[in-house]
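Scroll down for the structure; my scribbles are underneath it.
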Amino acid sequence: MANMADPLKLGVLVSGSGSNLQSIIDNIEKGSLKASIQVVISNNPDAFGIARAQKHGLSAVILKHEDFNSREDFDLELIKILKSNKVELVVLAGFMRILTPVFLKAFPQRIINIHPALLPSFPGTHGQKMAFEYGVKFSGCTVHFVDEGIDSGPIIIQSVVPVYDNDTEESLAARILEQEHRIYPQAIQLIAENKIKIEGRKVHIKTVEKIPPVALYNPPLAGF
Ligand code: GAR
């Protein structure tokens with residue numbers, strides 16, 4: 001990784017709305033996140049994330065996976081674009097495409113993803129819907145390093161939200177998304193500050209703040 005005084009160089013991969021990309025952009029512009037977005041890449045030409053990138057003067061590339069003969073060929077092109085933009089950390093922000101080992105090898109321990117559930121529960125697509133239908137009392141979101149599995153890499157940060165009795169899938173998803181927009185910039189900032197050490201499955205984080213010793217209950221305890 002480059003000198004700590006330099007902003008961490010990000011490549012952000014999107015497939016859809018790009019609200020997580022927006023939160024990263026906003027936090028960089030506010031100065032709370034010491035990073036720079038070198039390039040935004042979408043495999044979906046209609047992704048609103050591309051328009052968001054352009055609005056902020058960022059370099060945006062559309063790379064349609066249908067134009068490639070294999071997943072590896074697509075990934076090789078992705079690697080080429082990211083490397084030529086000197087990307088140090090690959091940030092998957094709603095990127096709905098499985099990456100091959102070729103890609104993982106090009107950025108060892110340098111790819112992160114956000115998932116809308118408390119991993120290892122409800123991996124894959126529709127994490128919010130699966131949690132809602134399962135009837136969990138808490139759900140949330142997870143930022144993790146990407147490994148060869150589906151949403152299975154070492155966990156950096158999680159946020160927990162309650163599921164209320166009158167929730168719908170949509171209201172729960174909105175509550176989770178609000179937290180995604182907070183924890184993703186935080187995770188990137190921890191990496192930018194070199195505060196993260198991966199040991200096996202565990203991500204150790206050098207923070208000064210202590211986590212308060214509390215448990216959460218839903219529904220609340222009544223006198224127990
Ligand atoms: C987010 O909820 C993200 O967690 C999810 O896609 C959404 C993208 O929203 N990712 C996954 O489900 C990956 N398995 P955005 O485009 O507005 O950032």
Strands (runs of 3 or more DSSP E) fully within region 1-82 counting 3 or more residues that are closer than 20 Å to L190 by Cα:
8-14, 35-42
Test A60 against the stated conditions and say whether it is at pLDDT 95 or above, touching a strand residue (DSSP E or B) at 6+ places or on another chain (Cβ under 9 Å) and buried (at least 17 other Cβ atoms within 10 Å of the Cβ).
yes
Count - residues of region 6-26 that are open to solvent by 30 Å² or more (accessible area, probe 1.4 Å), under 28 Å from I98 (Cβ atoms) and more than 9 Å from the ligand (Cβ to nearest atom)
1
Report whether or not I157 is out of contact with any Pro (no Cβ under 8 Å at 6 or more places or on another chain) and either crowded, with 16+ Cβ neighbours inside 10 Å or not in a strand (DSSP E or B) (or both).
yes
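Among the residues of region 77-91 satisfying the criterion of being open to solvent by 10 Å² or more (accessible area, probe 1.4 Å) and touching a residue at least 40 places away in the same chain (Cβ under 8 Å), which is farthest from the ligand (Cβ to nearest atom)?
Here the residue is K86.
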Filter region 179-224 down to the residues that are in contact with a Ser or Thr (Cβ under 7 Å, 6 or more places away or on another chain) and among the β-branched types (V, I, T) and list them by number.
I183
Those residues that are open to solvent by 70 Å² or more (accessible area, probe 1.4 Å) and within 23 Å of D147 (Cβ to Cβ), I need them from region 119-129; list them, please.
P120, T125, H126
Inspect all residues belonging to region 185-207 and state whether any of them is open to solvent by 60 Å² or more (accessible area, probe 1.4 Å) and either within 16 Å of the ligand (Cβ to nearest atom) or among the aromatic types (F, W, Y) (or both).
yes
May I ask you to say which residue of F74, F132, F103 is modelled with pLDDT of 95 or more and open to solvent by 10 Å² or more (accessible area, probe 1.4 Å)?
F132
What's the total number of residues in region 118-151 that are more than 18 Å from I188 (Cα to Cα), free of Cβ contacts under 8 Å to residues at least 40 places away in the same chain and in a loop (DSSP other than H, G, I, E, B)?
11
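The values are calculated or read from the model by the stated rules, or taken from the named source; none is laboratory data. Computed from a predicted model, the values in this text were never measured in an experiment. Note: ideal-geometry Cβ built from the backbone for every residue, glycine included; neighbour counts use all protein chains shown. Side chains are part of the model used for accessible areas, which takes the heavy atoms of the whole protein and leaves out ligands, DNA and RNA. Shrake-Rupley method; radii C 1.70, N 1.55, O 1.52, S 1.80 Å.
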